[in-house]
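Participant: Take this structure, written in structure tokens, and hold onto it; I'll ask about it next.
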Amino acid sequence: MECLLAFVGKDFVLIAADATSRRSILTYTQDLDRFVKLTSTCGVVGAGDEGDRVQFLEYIAKNVQLYKMRNGYELSTHGVANYTRRNIADFLRSRTPYQVNMVIAGCDRETGPAVYFLDYLGCLNKQNYASARIRLQLPGGFAPPTPHP
Amino acid sequence: MTERYSFSLTTFSPSGKLVQIEYALAAVNAGAPSVAVKARNGAVIATEKNFKSCLYDEHSVYKIEQLSQSIGMVYSGMGPDYRVLVKAARKRAVSYELLYGEEIPTVQLVMRIAEVMQEYTQSGGVRPFGVSLLVAGYDRDRTTGAKVPVIFQCDPSGAYFAWKATALGKNHLNSRAFLEKRYPKDQNEGLELEDAIHTAILTLKESFDGQMDQNNIEIGVVEETGFRRLLPAEIKDYLDTI
């Protein structure tokens with residue numbers, strides 16, 4: 001089961017995620033890097049559909065960078081989180097929804113440490129800690145096989 | 001009508017000028033005076049409300065408009081053109097909020113408005129806007145991170161400038177000279193908002209024909225808490241102290 005984790009400290013945030021990519025009894029890799037740096041003070045870890053995760057988070061990261069190029073300063077963590085949620089929400093009711101659950105964490109100079117939970121349906125929650133232990137999401141519902149007694 | 005013209009009506013003259021823009025600026029300079037002054041703890045925008053008859057209902061229509069929580073705008077030039085830009089600016093401000101969950105920085109809104117104005121100098125079948133805008137807001141300083149007041153001007157060409165204090169419309173050269181004399185040379189000395197409002201009123205008075213009262217001028221103020229238009233009663237209080 002994939003796991004994402006983040007929590008707020010006094011003047012820092014800690015963000016963590018598992019590094020395993022597997023399907024059923026097959027483990028593809030155990031050194032998967034789920035972390036994507038978005039700004040100098042903010043990053044995200046994602047889990048869910050493998051392809052969607054990479055495509056979506058790269059898209060967000062590049063657009064956040066474009067904002068910096070256009071304006072000369074970076075988006076705040078709050079802005080990044082809302083921007084990401086807006087994209088998930090807009091794509092949800094399109095032909096190409098992205099099945100990615102995320103935990104976004106950042107520590108801005110002005111607003112301090114912040115952690116956001118964002119699920120694949122566009123539910124954004126700002127919390128002191130956030131976690132997502134995720135069942136692999138495939139259409140029709142899929143549960144990992146029960147272990148042998 | 002626009003579809004029939006795929007070519008721009010704003011074209012270069014042999015000397016390299018865009019004559020339509022020059023004429024638009026002439027329309028601005030013939031318009032009612034407007035003024036903007038930046039203070040240490042806020043900014044003020046003000047304008048003359050030129051009524052051609054005493055039968056006009058002064059408080060039904062406003063020239064100073066709010067674009068977002070902490071951004072306001074005023075103009076010199078053609079009123080109807082201004083209203084198109086107010087509508088466009090508000091839409092862009094709120095689209096930004098929808099996308100990023102936070103208020104648009106003033107400088108970015110100004111960039112988007114200027115983009116609209118520039119498009120009308122390079123598109124088919126349209127003419128440039130006959131207004132220059134003064135936009136006042138509160139932005140986060142890039143280096144210190146602190147919130148500071150800002151004032152921008154937007155021209156019919158799409159050019160935008162940041163000002164400490166400026167004037168547009170009729171008599172703007174004299175008004176600017178007046179402001180140059182009054183504005184503190186030392187940045188750190190800082191003008192207080194109350195003084196800035198006072199200065200703005202005096203600048204308007206320089207070019208005012210007749211008696212200035214709380215019904216024939218409009219004043220808008222932006223502070224850390226946001227932008228608002230002053231009530232006639234508040235304007236009267238300021239006028240009484242002159």
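The values are calculated or read from the model by the stated rules, or taken from the named source; none is laboratory data. Everything numeric here is computed off the predicted structure, so don't read it as measured data. Neighbour counts run over all protein chains shown; Cβ positions are idealised from the backbone, glycine included. For accessibility, only protein heavy atoms count, side chains too; no ligands or nucleic acids. Shrake-Rupley method; radii C 1.70, N 1.55, O 1.52, S 1.80 Å.
Participant: For the B and A pair, go ahead and give the buried accessible area with a 1.4 Å probe, both sides summed, in Å² to 100.
Facilitator: Roughly 1200 Å².
Participant: Follow-up question, since we're still on this one. If we restrict to alpha carbons, what Rg and Dmax does chain B come to, in Å?
Facilitator: Radius of gyration, then largest Cα-Cα span, for chain B: 18.0, 57 Å.
Participant: Given 37 °C and 0.692 mPa s, how large is the Stokes-Einstein diffusion coefficient of the range B:144-242 in µm²/s, with Rh as the Kirkwood radius over Cα pairs?
Facilitator: After rounding, the answer is 217 µm²/s.
Participant: With each pseudo-label sitting 7 Å past Cα toward Cβ, what's the B:LYS147-A:ARG23 distance in nm, one decimal?
Facilitator: So the two model labels end up 5.1 nm from each other.
Participant: Among residues other than B:GLU65 whose Cβ falls under 9 Å from its Cβ, what is the net charge (Lys/Arg +1, Asp/Glu -1)?
Facilitator: +4
Participant: Taking 0.36 nm per residue of separation and subtracting the Cα-Cα distance, what length does fully extending B:THR11 through B:ARG182 add?
Facilitator: My answer for the length gained is 57.5 nm.
Participant: What's the center-to-center distance, using Cα atoms, between the range B:126-165 and the range A:109-134 in Å?
Facilitator: So the two Cα centres are separated by 35 Å.
Participant: Still on this structure, I have one more. Given the C-alpha atoms of the protein assembly as shown, compute the convex hull and give its volume per residue in Å³.
Facilitator: 211
Participant: Here is a follow-up. Mind listing the Cα extents of the range B:1-141 along all three principal axes, in Å, largest one first?
Facilitator: 47, 46, 30
Participant: Under a crude label model (7 Å from the Cα following the beta-carbon direction), how far is A:ASP31 from A:GLU58 in nanometres?
Facilitator: 2.1
Participant: Any idea what Rg and Dmax come out to for the range B:193-242 if you just take the C-alpha atoms, in Å?
Facilitator: In Å, with Rg to one decimal and Dmax whole: 10.8, 35.
Participant: Can you tell me the accessible area per residue over chain B, all protein chains present, probe 1.4 angstrom, in square angstrom?
Facilitator: In whole numbers, chain B has 51 Å² accessible per residue.
Participant: So what's the range A:1-42 giving for Cα Rg divided by 2.2 N^0.38 Å, two decimals?
Facilitator: 1.46
Participant: Two decimals is fine: what's Rg over Rh for the range B:78-146, C-alpha atoms, Kirkwood radius as Rh?
Facilitator: Here Rg/Rh amounts to 1.03.
Participant: Cβ under 9 Å from B:ALA32's Cβ, B:ALA32 left aside: what net charge do those residues give with Lys, Arg +1 and Asp, Glu -1?
Facilitator: So the surrounding residues net to +2.
Participant: Just report the Cα centroid separation between the range A:31-107 and the range B:182-221, whole Å.
Facilitator: 46
Participant: Right, here's the next one. Contact order normalised by length for the range A:47-108, with contacts defined as Cα pairs under 8 Å and 6 or more residues apart; what percent is it?
Facilitator: It comes to 48 percent, rounded to a whole number.
Participant: Under 12 Å Cα to Cα from B:LYS49, which aspartates and glutamates show up? Leave out anything in the same chain fewer than 8 places away.
Facilitator: Once the sequence-local aspartates and glutamates are set aside, what remains near B:LYS49 is B:ASP57, B:GLU58, B:ASP209, B:ASP213, B:GLU218.
Participant: Mean-square fluctuation check for chain B, GNM, Cα pairs under 10 Å: which of B:ALA24, B:ALA159, B:ALA46 is largest?
Facilitator: It is B:ALA159.
Participant: For the range B:5-78, what size does the Cα cloud have along each of its three principal axes, sorted from largest down, in whole Å?
Facilitator: 45, 39, 23
Participant: With an 8 Å Cα cut-off and a minimum separation of 6 or more residues, compute the relative contact order for chain A in percent.
Facilitator: 29
Participant: Moving on. Which order do A:MET102, B:MET78, A:MET1 take when ranked by solvent-accessible area (1.4 Å probe, heavy atoms of all protein chains), largest first?
Facilitator: A:MET1, B:MET78, A:MET102
Participant: Please state the equivalent ellipsoid semi-axes for chain A: what are the square roots of 5 times the Cα gyration tensor eigenvalues, largest first, in whole Å?
Facilitator: Ellipsoid semi-axes (Å, largest first): 27, 18, 13.
Participant: Kindly flag which residue pairs out of B:LYS52/B:LYS87; B:LYS17/B:LYS205; B:LYS170/B:LYS236; B:LYS87/B:LYS236; B:LYS91/B:LYS205 have an alpha-carbon separation exceeding 32 Å in this structure.
Facilitator: B:LYS17/B:LYS205; B:LYS91/B:LYS205
Participant: Given a 1.4 angstrom probe, I'd like the percentage of the accessible area of the protein assembly as shown that is carbon and sulfur, rounded to a whole number.
Facilitator: So the carbon and sulfur contribution to the accessible surface is 52 percent.
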